[in-house]
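First the structure, in the form of structure tokens, and then the observations on it.
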Ligand SMILES: N[C@@H](CCC(=O)N[C@@H](CS)C(=O)NCC(=O)O)C(=O)O
């Protein structure tokens, strides 16, 4: 059984989507980042960086932990032989869009959220991160106006990018400027596994809140 440590954020959604896509059983363990559970020692033993998501795959060996969402998706793709080409250009392309997300849209869109909610608001910082996020969404839109999915067939590259693209289109009110990206967000969001992953995360969060209010 795989333990998934996560929360209901864009990075947290990715491994839940991949686990559902692969039809793997998993034990969902919410780590509430609004109360700092990601910095507690038990979780730091799984991810020394103190961020969600992370998994422990006991089937792969006792205590086999994987942190960083991209590394988790690659681990699950290699475990199941699904959603990542075994070799060649399609594999390189999937890695390229995977790293593009980890180093690009995630940090940039994340910084917009940070500076909009910071005690010390900085309009300069907000403008800078909005402009860079808009540029990155344009790169995705251009790619998706030529291809149905980022790396040919639907792959881990789409699962890496989907939650952040959805969030970026909303934050920047950009769906009409990036129609191919908006259509892909709809297309991926309509997949039964994507819906199941989001529903499972939301249900678990609601159940945890209910337990806390009854305690
Ligand atoms: N590059 C990491 C980013 C992980 C990340 O930033 N997670 C956020 C939630 S979306 C987090 O745990 N934030 C809490 C914190 O920074 O303390 C990944 O892709 O896994």
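The values are calculated or read from the model by the stated rules, or taken from the named source; none is laboratory data. Since this is a predicted model, take the numbers as computed values, not measurements. Cβ placement follows ideal geometry from the backbone for every residue including glycine, while neighbour counts extend to all protein chains displayed.
Things worth noting here:
- Screening 130, 120 for residues that are assigned by TED's automatic domain parsing to the domain that holds residue 168, assigned to a helix (DSSP H, G or I) and away from the ligand (no atom under 16 Å from the Cβ) leaves exactly one candidate, 130.
- Answer residue from region 20-78, given it is touching a residue at least 60 places away in the same chain (Cβ under 8 Å) and within 19 Å of residue 102 (Cα to Cα) and is nearest to the ligand (Cβ to nearest atom) among those: 69
- Only one of the numbered conditions (1) away from the ligand (no atom under 16 Å from the Cβ); (2) part of a helix (DSSP H, G or I) is violated by residue 111, and that is (1).
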